[in-house]
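What follows is one structure encoded as structure tokens, with my remarks underneath.
The values are calculated or read from the model by the stated rules, or taken from the named source; none is laboratory data. Quick caveat, the model's predicted, so the values are computed rather than measured. Using ideal geometry, Cβ is built from the backbone for each residue, glycine included, and neighbour counts are taken over all protein chains shown.
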């Protein structure tokens, strides 16, 4: 269906998701409220901290399935053993009466550091454990002599258990919310999405004019955004399904990993999109020559659509069987293609057909060479340390967080001893192991807390005498905060803060005026968030903009390695491509964080330039993957040929070597240029070391960084390399004679060689874009200097060799 028709269904699906999540959260909180407000006195005495029951429920039940809740129960048990066991021993040995503001803060900080330090512990377990630590020590200190060292932690555990039990009931009533059902539905939507995008791409290639083709491509890009969300949803649900199927072995075959199949389909669709973005005219290439190829293309499209539907469900019984004869006959029209195009204008169309063939057949396995560790033989303390989930890189973040938590407890108690734990509890339950945009997250947490608290005070004012109606008033708030969690402005942190702020007021009684409690909690929350920000400043971490620049340099360095390792001999290790994908992903995260961090007295972050660089790098990651698959197909098909293929491979490898030298050298030195702090500092280093250089006279060896972009003769050079590659490719195809399946093998090799040629051409184009972006970035950072990348690269070469 066209994207325009999907808008109502998307809106209704969003509303269904929000209402379902809101209902489950409201039901869990209502169960806790009824149990803690109307339960027997003996039960209320055991569940002494209903506020933490609400917090636990919200941490576990928010956007959860039954599998997530079952997992959450195990995590809560693990967290309780990790936090409450040592707390019992500490309180018994020290005695709550002997605690002070300082010793309580120190105890919380040390216990928090022990919880945070292991990397393997799940985030939910850490947050629950940290919350329990704050409650046990701070309230133990507040109550003083009345605190029982053993029963006090038991009461905290009971409060946690009530929250978990409420989550389980909320996920079971009125019917279970199963991850397998949601994953099945997401796979179905993703398959329909992929099938629709495939049709749009084929329509674009066959369009009679560029305007119509652009319209189809734009529609496909809208669907692509929805597909990305569905992929994330399926990935998240797969972990939950493991917990749902764990007790039932006979159900395990019905949980097929369809998400992996759909990701392979996504790769082919991504390649078709790249091809269409580079088609110079429409209808593209071969399609404009005759109707036979166009008809074959439409038949192949219909066949692939059925194949995509096969991967739409986790249940094998729902698959659609495609006749094997039809599967083979549908690509016979490609067997008429026996020659590689002589110019790069037709390469996008051939690459489009190559990607359709990827969707039709499983791509060959790309060979990898596992790294050999120098410590495989023998004992290694580092391996033992790592196996325990402890890494030296975790020490500083753990110490920093424990310091934030300790200061939050200390200053919270100094400000108000009865409400001191409210300063540290938000810090504890919002712990994040990864980097965050500190100021943005603190801001949205503060805003969310205020919003929720104000709503809670208004609710208490309107329904002061009708306690049951207070819980009913939470339902519209849960719906509203569900939208907040999905918004860019507030996100998950702001939405959950708003939920907790309202629940803690509307779910309480006999604790004094709500307005007084609201003010005290808001102030304590600001104290805790201020401590987190102050510790970040104290440790002077690198700004996200600085980390983005460092990650850009690493990405270019890894990209250089990937291009250098390209070979037609099949030795294309995937480790470099995996590393490149990781660095580009990290670059995207740092760019997103840098865009929202305040500038203060620093140079503003050049977001637009970094986004262009990220786009080019992402395209190059995809192109390198397609190159590896094309080489894999060539290696597989060449095994069916005679020895004459080897001589042709040497010629093609020679062209590929020239390509790698041209592109690789530029990328290498572009990476080095991004690593310098400023041109002025580079000149000072040259002067300090008494090093001279002369670009014109060549007194120092200067790399020709501008081989691919600055001069017309350089572009002609790359054009000659590509034309030579295409000519040698046709020579390689011409030697295929007198063997079984000659036409099929020829067409396969034509498509593979054309795809490799297209990747070479497009990698060159993206390298030019990266060089333009680096030049713009260096000029932004050095506004008073005249930037010449070739000159800067010569200076770097002269200084560092």
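Going by what's in this entry, would residue 176 be described as touching a helix residue (DSSP H, G or I) at 6+ places or on another chain (Cβ under 6 Å) and under 21 Å from residue 406 (Cα atoms)?
On the way: touching a helix residue (DSSP H, G or I) at 6+ places or on another chain (Cβ under 6 Å): yes; under 21 Å from residue 406 (Cα atoms): no.
Against the criterion (touching a helix residue (DSSP H, G or I) at 6+ places or on another chain (Cβ under 6 Å) and under 21 Å from residue 406 (Cα atoms)), residue 176 does not qualify.
How many of the residues in the range 513-561 are under 22 Å from the mean Cα position of the chain (by Cα) and either outside any loop (DSSP other than H, G, I, E, B) or surrounded by fewer than 16 Cβ atoms within 10 Å (Cβ to Cβ) (or both)?
If we filter the range 513-561 for residues that are under 22 Å from the mean Cα position of the chain (by Cα), which is where we start, we get 542-559.
Pick out the ones that are also either outside any loop (DSSP other than H, G, I, E, B) or surrounded by fewer than 16 Cβ atoms within 10 Å (Cβ to Cβ) (or both) and you get 542, 544-559.
Adding up the residues that qualify gives 17.
Residues checked against (1) modelled with pLDDT of 75 or more; (2) more than 22 Å from residue 62 (Cα to Cα); (3) part of a loop (DSSP other than H, G, I, E, B); (4) touching a strand residue (DSSP E or B) at 6+ places or on another chain (Cβ under 9 Å):
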| site | (1), (2), (3), (4) |
| --- | --- |
| 432 | yes, no, yes, no |
| 444 | yes, no, no, no |
| 453 | yes, no, no, no |
| 465 | no, yes, yes, no |
| 482 | yes, no, no, no |
| 488 | no, no, yes, no |
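Is it the case, given these coordinates, that residue 168 is over 20 Å from residue 33 (Cβ atoms), at pLDDT 90 or above and not in a loop (DSSP other than H, G, I, E, B)? Quick ask: steps written out before the conclusion?
Numbers: over 20 Å from residue 33 (Cβ atoms): no; at pLDDT 90 or above: yes; not in a loop (DSSP other than H, G, I, E, B): yes.
Against the criterion (over 20 Å from residue 33 (Cβ atoms), at pLDDT 90 or above and not in a loop (DSSP other than H, G, I, E, B)), residue 168 does not qualify.
Any residue at all in the range 219-230 that is under 28 Å from residue 28 (Cβ atoms) and in a helix (DSSP H, G or I)?
Going residue by residue through the range 219-230, those that are under 28 Å from residue 28 (Cβ atoms) are 229-230.
When the remaining residues are screened for being in a helix (DSSP H, G or I), the result is 229-230.
Yes; the residues of the range 219-230 include at least one that is under 28 Å from residue 28 (Cβ atoms) and in a helix (DSSP H, G or I).
From (1) more than 19 Å from residue 626 (Cα to Cα); (2) at pLDDT 85 or above, pick out the condition that doesn't hold for residue 270.
Failed condition: (1).
With a cut-off of at least 2 residues that are at pLDDT 90 or above and farther than 22 Å from residue 498 by Cβ, name the helices (runs of 4 or more DSSP H) lying wholly within the range 44-151.
Output list reads 66-94, 101-116, 123-134.
Could you give every pair whose Cβ atoms fall below 8 Å, whose first residue belongs to the range 445-468 and is assigned by TED's automatic domain parsing to the domain that holds residue 490, and whose second residue is assigned to a loop (DSSP other than H, G, I, E, B), counting only separations of at least 6 or pairs across chains?
From the range 445-468, the pairs are 445/430; 447/490; 448/490; 467/509.
Please indicate, with yes or no, whether at least one residue in the range 652-675 is modelled with pLDDT under 85, more than 20 Å from residue 559 (Cα to Cα) and either in contact with a helix residue (DSSP H, G or I) (Cβ under 7 Å, 6 or more places away or on another chain) or not assigned by TED's automatic domain parsing to the domain that holds residue 774 (or both).
yes
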